[in-house]
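What follows draws every value from the coordinates through simple rules; no lab data is involved. These numbers were taken from a predicted model, which means no experiment stands behind them. Neighbour counts run over all protein chains shown; Cβ positions are idealised from the backbone, glycine included.
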Amino acid sequence: VTANKGINFSAYATSGNPSSNLLTDYEIGSWTPQSSEGSLFNSNTGVYTKIGRFVFISGVFTVSTNTNGTVFTITGLPFTTKSGDEFLGGGMIFESSPTSEFQLRAQSNSTRIQLYKSAARTYANEAGNQFYFQYSYITDS
């Protein structure tokens, strides 16, 4: 989409500011999910779609040998999350050999998502497991 141009939906607007009905930003691409804990992930790949200020990501990674039980943090999101808890988004994650329940939560004004899990297991038990995830969030980019 050309800068300051875009797809104009104002003809279909029922109220509000017609200029807010202009889609000026659409992008698709790939990114590589990284771990803030070093080389914790391998076989990692991801894709994204950005429509306006909304970002939709999905990806997969395999946990390498992990004996220290560190918290998983996915880093390197394609766009920085908007500042404020109300903009952090939501998503889902599951593993190839389900052993634990996980929740995802982005960190405000960052390119990081943390994985939270039930207290019943340590992260060291996840070595060799493959994780698939989807997440959406808002950005100012």
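Quick look at the values:
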quantity: Using a Förster distance of 22 Å, the FRET efficiency for residue 24-residue 56 (Cβ separation, nearest 0.05); calculated: 0.80
quantity: R0 of 22 Å, Cβ-Cβ distance residue 116-residue 42: FRET efficiency to nearest 0.05; calculated: 0.50
quantity: Estimated FRET transfer efficiency when R0 is 30 angstrom, pair residue 9-residue 32 (beta carbons, to 0.05); calculated: 0.35
quantity: Set of aspartates and glutamates near residue 117 by C-alpha distance (under 17 Å), chain-local residues within fewer than 8 positions excluded; calculated: 37, 95, 101, 126
quantity: Amide H contacts under 5 Å for residue 35, placed H, 5+ residues apart; calculated: 40, 41, 75
